Each structure stands twice: as C-alpha cells, then as structure tokens.
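Undergrad: One structure follows; several queries about it will come next.
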Amino acid sequence: TSEDGRRQLLVDHLLGTAKLAASMASEFGSSEWAYLAGLWHDLGKFSPEFQRYIRSTGDPDAHIEGTRHGRVDHSTAGGILAKERLDKLGRVLAYVITGHHAGLPDWQSETSGAAGLAQRLQKVDLLKRIRMTEVHADVRDWALPSEKPRPGTDPALWIRMIFSCLVDADFLDTEAFMEEGKASLRAATYPPLPELLSLFTRFMEDKTGSAENTQVNRLREEILRRCIAVAADQPGIFTLTVPTGGGKTLSSMGFALHHALKYGKRRIIYVIPYTSIIE
C-alpha cells in the first residue's frame, strides 16, 4: 500500500517484476529464466497467513522477510514450485527465488542450519497452503524455460546474474508503484556514447591546446594517444600503469569511450576506491 492509500495487486507486481527481470537478462540470453523467477519470487504471498499479516500490520517493510515477530516466509514456496516443475534444474530458480531478500543461500553447511536451501525445500507445506487454483493463470501455468546458458558460461556466475536481475526488478517495480516521481527519474535519457565521445574529444583538445609545452604534458598526451590506439584491440583485460599525475583517469576514459563504440558496448562502469579521484 502506498502512502496515498493505493494498493498494488500481487499479480501486477509479479508480472511487472517478471518483465523487468526478463528485459535485463535478455542481455545474456536468459530472459525466460529471469521471467519465471520474477513470476514465482513472491508466490508465498498468496498464502492465507501472509495475507492476514499484510492486512493487519502497519509495518511498511512487512513484505521483507526477517526475524521480526509475525513476518511470514513468502519466498520458499516459489522455490519449492520451481523444484517440483523443473526437478534438478529447478534448483537454479530455487536459489534465486529463496534468496531474493536475504541473499543466495548455501545448499547446506555446518552454519546454515534450517536456512540452507536443502532444508527449505523440504517445507512443502508452505506451497500446499496456497490455493493454486486461485492464483492467476499467467503466474501459475507459465511455460518452463527452454534457454540454455551460453557455451562456456560459469554456472555460479550465471545464477548470480539471474539473481541480480530478479533483485533489481523486484525493487524497481515496487518503487515504480510506491514512488512514481522517483521512478521517473530513472527513466531519464542520457547522452548516447557517440555524443559523450564528441564532448570528451573537444574537452581534451581544449585542455591540451591550452597546456604548457612541458615534458610532463607531452607524456600525458602520449599516454592518451596510446590508450585510444589500444582501444581498437579485441575486448579483454587491459592494464595501465602510470605514475600519479600522468592522466590515468582521463586517458582510461578515452580508451573506454573508443572501445565501447567500436565493439557495441552499452555502458562504461567506473569502480574507483576514492571519490576524490572523480570529484
């Protein structure tokens, strides 16, 4: 329920999350898996126990599982359904679904106890409590995925990628309903990479054109040229070792923009340990 009293139907949330997750996972050929994860991630919310709880509490985080008194396990039911429908392959979705609030569970370990996936999948009563005939057919009877991970894909990474798509989609769909203004900011259009490259090129031309003709500045210009030249190489792992003040941040951005455009990349992601570098 939003602050202004609007209520989002559970089926709308499941379908909305499924569509968002599928869109994200289409980038690595797994949209069917992510869609099904989205459809079933909150299946347990159809249980009478959860419906009673959500209607009786004023807790704005009632949908989040945890140790708080009264909160109902709503993620395990979808994992059990995935296991029943897909057998061993269902464990992929079971990991993703049961962990969408608390994080991916261990299968079982000395420390996981009842939180291990093997133990949770034995709680079949959580699924039996749901009147499946009352669940919307688009959620209950969706076709099982036919996609296979791309050759060479690491299974653990693949599961984590689907998990990431589900978690993001879950939060974004909820945000779109609860905070429409905030969600609209995410829909803002940003300059495409060709435009960014043009802006970067003009900026660097102005910067180098007004710089003094010193040995350090000549080295900085050579580093930038070298980075841009290497951007034409096949995608892989590249390293850049330059002393402090050598222009690594700008030169690496030049590399990234040229490389992204040449090979059809969609994003440039900077991961930097000190925000002072980019301020």
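The values are calculated or read from the model by the stated rules, or taken from the named source; none is laboratory data. Quantities reported herein were computed from a predicted structural model and do not represent experimental measurements. Note that we place each Cβ from the backbone using ideal geometry, even for glycine, and neighbour counts take in every protein chain shown. These accessible areas exclude ligands, DNA and RNA; they are computed on the full protein's heavy atoms, side chains included. Shrake-Rupley method; radii C 1.70, N 1.55, O 1.52, S 1.80 Å.
Undergrad: Restricting attention to segment 1-43, which residues are of a type in the set (S, T, N, Q) and surrounded by fewer than 14 Cβ atoms within 10 Å (Cβ to Cβ)?
TA: 2
Undergrad: Give the number of residues within segment 93-143 that are within 19 Å of residue 161 (Cα to Cα) and of a type in the set (A, V, I, L, M, F, W, C).
TA: 8
Undergrad: Could you tell me how many of the residues in segment 116-143 are open to solvent by less than 60 Å² (accessible area, probe 1.4 Å) and part of a helix (DSSP H, G or I)?
TA: 10
Undergrad: Going by what's in this entry, would residue 146 be described as hydroxyl-bearing (Ser, Thr, Tyr), under 30 Å from residue 43 (Cβ atoms) and open to solvent by 60 Å² or more (accessible area, probe 1.4 Å)?
TA: Taking the combined requirement at face value, the residue satisfies it.
Undergrad: Scan segment 209-220 residue by residue and report those that are more than 38 Å from the chain's Cα centre (by Cα) and surrounded by 14 or more Cβ atoms within 10 Å (Cβ to Cβ).
TA: 217, 219
Undergrad: Next question. Select from segment 162-175 the residues that are open to solvent by 50 Å² or more (accessible area, probe 1.4 Å) and closer than 15 Å to residue 19 by Cβ and list them in ascending order.
TA: Of segment 162-175, the ones open to solvent by 50 Å² or more (accessible area, probe 1.4 Å) are 164, 168, 171-172.
Of everything in segment 162-175, those that are open to solvent by 50 Å² or more (accessible area, probe 1.4 Å) and closer than 15 Å to residue 19 by Cβ turn out to be 168, 171, 172.
Undergrad: Among the listed residues 223, 159, identify the single one that is in contact with a Leu (Cβ under 9 Å, 6 or more places away or on another chain), assigned to a helix (DSSP H, G or I) and modelled with pLDDT under 95.
TA: Matching residue, one of 223, 159: 159.
Undergrad: Of (1) open to solvent by less than 40 Å² (accessible area, probe 1.4 Å); (2) at pLDDT 95 or above, residue 246 satisfies all except one. Which?
TA: (2)
Undergrad: Follow-up question, since we're still on this one. Take residue 185 and decide whether it is touching a residue at least 24 places away in the same chain (Cβ under 8 Å) and either closer than 29 Å to residue 263 by Cα or part of a helix (DSSP H, G or I) (or both).
TA: Criteria not met by residue 185.
Undergrad: Something else: So which of 197, 257, 261, 224 is surrounded by 13 or more Cβ atoms within 10 Å (Cβ to Cβ) and touching a Gly at 6+ places or on another chain (Cβ under 7 Å)?
TA: 224
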